[in-house]
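Notes for the one structure printed next.
The values are calculated or read from the model by the stated rules, or taken from the named source; none is laboratory data. Owing to the predicted nature of the structure, the values given are computational and were not obtained by experimental measurement. Every residue, glycine as well, gets a Cβ built from its backbone with ideal geometry; the counts of neighbours run over all protein chains shown. Ligands, DNA and RNA are stripped out before the accessible areas are found, and what is left, the full protein with its side chains, is counted by its heavy atoms. Shrake-Rupley method; radii C 1.70, N 1.55, O 1.52, S 1.80 Å.
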Amino acid sequence: MKIGELELGEMPLFLSPMEDVTYKSFRYICKKYGADVMSTEFISSEALIRDVNKTKRKMTLFEFDRPIAIQIYGANIDSMVEAAKVAETFQPNYIDINFGCPMKKIAGKGAGSGLLRDIPKMIEMASQIVKAVNLPVTAKTRVGWDDNDKPIVEVSERLQDVGIQMLALHGRTRQQLYTGEADWEMIGKVKSNPRFKIPLVGNGDINGPEKAKEARDISGVDGMMIGRGAIGRPWIFREIKHYFQTGEMLPPPTVPEIVEVIKEQMEQSLSWKEYEKQAIWEMRRHFARYFPGVPDFRELRIALLRAEEHTHVLEILDRIVDKYRDTRVDYTNMSLK
């Protein structure tokens with residue numbers, strides 16, 4: 001698979017861009033455990049062209065990141081073009097356009113998946129951005145607005161025709177948000193369209209190796225993008241690759257192994273955030289997801305979520321290791337919610 005001249009090999013695995021999730025520390029851990037392609041958190045075009053420091057800080061890239069995309073979103077074409085030019089100066093490997101975010105504060109203002117209600121504007125935006133930058137431009141979107149409006153086969157052709165070099169497709173409509181199931185058969189319809197020639201990356205409900213294989217077999221995609229399934233399970237990329245290559249499932253990690261990963265991720269966060277509390281707060285979403293299926297874990301999980309100091313977190317992690325030294329986590333009933 002290629003994006004422009006960027007060689008990504010066979011069936012690359014992408015870390016999906018997620019607000020307040022795909023920051024430095026999490027990208028570092030996902031890369032270590034097999035993610036092939038990174039993405040920043042998604043970037044507001046309006047904030048970027050106003051030179052908002054917090055927004056520019058999100059675009060700071062590191063050598064371990066590569067290859068990596070900067071993803072931008074917005075409803076105004078001129079602002080998106082200017083944002084793409086600014087993003088290009090941070091030297092990502094490519095620029096990605098967010099046509100898929102379903103959240104009301106974004107889609108309701110005509111950005112993200114809101115552009116599925118104005119296809120001509122979506123296509124014009126993509127065309128103008130492609131013309132404005134020298135880097136490859138890709139897009140991420142959904143199969144449609146609702147069950148009665150799924151124009152993705154036509155939309156994918158039109159995006160290709162204006163120069164989009166890869167499409168990532170989430171198998172839900174905007175109306176679904178993250179409910180129901182991702183429609184990998186619809187993703188497969190895009191891939192099997194004889195007019196569609198650019199790489200297609202599938203996204204939605206990848207919660208483990210078996211689901212990844214099922215989705216790949218149904219759709220025939222060129223690559224897979226994993227978002228929520230990697231939170232609390234960053235080694236999912238390694239697990240999927242091993243399963244694809246051997247047909248065998250890797251055993252889930254032990255609690256002490258997970259604790260070592262948490263410590264490493266936290267060190268990355270502490271090295272990046274200005275204040276210790278910010279780094280700890282950044283980790284809370286991950287603390288909540290790292291120990292699925294561990295019995296009688298509620299009190300320790302609450303303690304992790306309430307901790308505000310690095311030393312306190314380390315004390316709790318030591319208690320966890322002492323209590324669950326020989327325990328493996330269990331992903332059987334782990335939800336993506």
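Counted by Cβ distance under 9 Å from ILE231, the other residues give a net charge of +4, where Lys and Arg count +1 and Asp and Glu count -1. Relative to the current alpha-carbon distance between ARG158 and ARG298, full extension at 0.36 nm per residue lengthens the span by 45.4 nm. Peptide packing: for 293-302, 135-144, 223-232, 41-50, the average count of neighbouring Cβ atoms within 10 Å per residue gives the ranking 135-144, 223-232, 41-50, 293-302, highest mean first. Using the Cβ-Cβ distance between THR179 and LYS213 with R0 = 22 Å, the FRET efficiency computed as 1/(1 + (r/R0)^6) comes to roughly 0.40.
Tell me the per residue accessible area of the chain using a 1.4 Å probe; a whole number in Å² is fine.
44
In plain terms, the chain from ASP326 to LYS32 could stretch by 103.5 nm, reckoned as 0.36 nm per residue minus the Cα-Cα distance. Bridgeable aspartates and glutamates around LYS31 (alpha carbons under 14 Å apart, same-chain partners fewer than 8 residues away excluded): GLU63, ASP65, GLU239, GLU264.
Give me the orientation-averaged projected area of the Cα convex hull of the chain, in nm², one decimal.
Mean projected area of the Cα convex hull: 16.3 nm².
Sequence gap at least 6, Cα distance under 8 Å: using those rules, report the relative contact order of the range 255-324 to the nearest whole percent. The normalised contact order for the range 255-324 reaches 38 percent. Given a Förster radius of 22 Å and the C-beta distance between LEU336 and GLU260 as r, what FRET efficiency does 1/(1 + (r/R0)^6) yield to the nearest 0.05? Efficiency at R0 = 22 Å is approximately 0.35.
Between the range 1-43 and the range 283-320, what is the C-alpha centre distance in whole Å? The range 1-43 and the range 283-320 have Cα centres spaced 26 Å from each other. Carbon-plus-sulfur accessible fraction, the chain (probe radius 1.4 Å, protein heavy atoms only): 45%. When shorter helices are ignored and each DSSP H run of at least 4 residues is given -39500 (n - 2.57), the per-residue value for the chain at 222 nm works out to -13000 deg cm²/dmol.
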